[in-house]
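Working notes, structure below.
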Amino acid sequence: MTVPGFHREITARGFRCHYSTVRDRIRRDLPQQEDFTPGPPPLSIRQVTGWLTRHPATLTDQEKLHRKAVRDRCPELASAAELTSSFAEMLTTLSGDRLPEWITEATDAGLPGISSFATGLNSDFDAVTAALTTDWNSGPVEGTVNRIKMLKLQMSGRAGFGLLRKRVLLS
């Protein structure tokens, strides 16, 4: 008898328990077959996303094999990975002149998330092109703003004046 069938049978007889309780009890108490080897655990979304979005040069040989197997099984995922990596390359090399072709490819791919992203880029095309072609960024300003926000948050808390004074003077 299977676990779901057993669970249905005992709950029909009035025993109140969750399915997971019955499953765990059966796994613990029933003897395992000697020649039984469990299969590999299922892939997590985080693993597959990492394989598809990271630069291929940073992947291990095993991860490259997994990445190829996942891309071979699902053509939509392969298309999404290709579009993602080409956009990442545009970001890192500041080659915004390739943006119109990328938007056309992404829209034609018909992938819901990527197509809507491409449409959003098209809505403010000049700003996106400028962001992808200039090396200016607001990183230092954002770091200062975050530090000020952290200090302001600490001042509104229960810290004493001495601690706050040291915190402001040391930063």
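The values are calculated or read from the model by the stated rules, or taken from the named source; none is laboratory data. Computed from a prediction, not measured in an experiment: that's the story for all the values here. Heads up, the Cβs are rebuilt from the backbone with ideal geometry, glycines too, and the neighbour counts pull from every protein chain shown. The protein model used for the area step is the full one, side chains on, heavy atoms only, and it has no ligands, DNA or RNA in it. Shrake-Rupley method; radii C 1.70, N 1.55, O 1.52, S 1.80 Å.
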If ALA127 satisfies all but one of (1) free of Cβ contacts under 8 Å to residues at least 12 places away in the same chain; (2) within 30 Å of LEU169 (Cα to Cα), what's the number of the condition it fails? (2)
Quick one: HIS55 ticks every box in (1) within 30 Å of PHE6 (Cβ to Cβ); (2) of a type outside the set (Phe, Trp, Tyr); (3) surrounded by fewer than 15 Cβ atoms within 10 Å (Cβ to Cβ) except a single one, so which number is it? (1)
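When the residues of region 1-23 are narrowed to those that are touching a helix residue (DSSP H, G or I) at 6+ places or on another chain (Cβ under 8 Å) and aromatic (Phe, Trp, Tyr), which ends up surrounded by the most Cβ atoms within 10 Å (Cβ to Cβ)? Working first, answer last.
Narrowing region 1-23 to residues touching a helix residue (DSSP H, G or I) at 6+ places or on another chain (Cβ under 8 Å): 1, 3-4, 6-7, 10, 17, 19, 22-23.
Next cut, aromatic (Phe, Trp, Tyr) only: 6, 19.
Working: PHE6: 15, TYR19: 13.
Checking each candidate, the answer is PHE6.
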What are the residue pairs meeting all of these: first residue in region 30-50, first residue closer than 29 Å to ALA78 by Cα, second residue surrounded by 10 or more Cβ atoms within 10 Å (Cβ to Cβ), Cβ atoms under 7 Å, and 6 or more apart or on different chains? VAL48/VAL70
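Answer yes or no: is there a residue in region 144-159 that is open to solvent by less than 60 Å² (accessible area, probe 1.4 Å) and touching a residue at least 12 places away in the same chain (Cβ under 8 Å).
For region 144-159, residues open to solvent by less than 60 Å² (accessible area, probe 1.4 Å) and touching a residue at least 12 places away in the same chain (Cβ under 8 Å): present.
Do we have any residue at all in region 24-43 that's within 20 Å of the chain's Cα centre (by Cα), open to solvent by less than 100 Å² (accessible area, probe 1.4 Å), under 27 Å from SER115 (Cα atoms) and modelled with pLDDT of 90 or more? Working first, answer last.
The first filter runs over region 24-43 and keeps only residues within 20 Å of the chain's Cα centre (by Cα), leaving 41-43.
Adding the requirement that they be open to solvent by less than 100 Å² (accessible area, probe 1.4 Å) leaves 43.
Next, from what is left, pick out any that are under 27 Å from SER115 (Cα atoms): 43.
Next cut, modelled with pLDDT of 90 or more only: none.
Within region 24-43 (the criterion being within 20 Å of the chain's Cα centre (by Cα), open to solvent by less than 100 Å² (accessible area, probe 1.4 Å), under 27 Å from SER115 (Cα atoms) and modelled with pLDDT of 90 or more), the answer is no, since none of the residues qualifies.
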Hey, among the residues in region 55-84 that are among the polar types (S, T, N, Q) and without any contact (Cβ under 8 Å) to a residue 12 or more places away in the chain, which one's farthest from THR133 (Cα to Cα)? GLN62
With assigned to a helix (DSSP H, G or I), under 29 Å from ALA88 (Cα atoms) and open to solvent by less than 70 Å² (accessible area, probe 1.4 Å) as the only criterion, which of VAL141, VAL128 stands out? VAL128
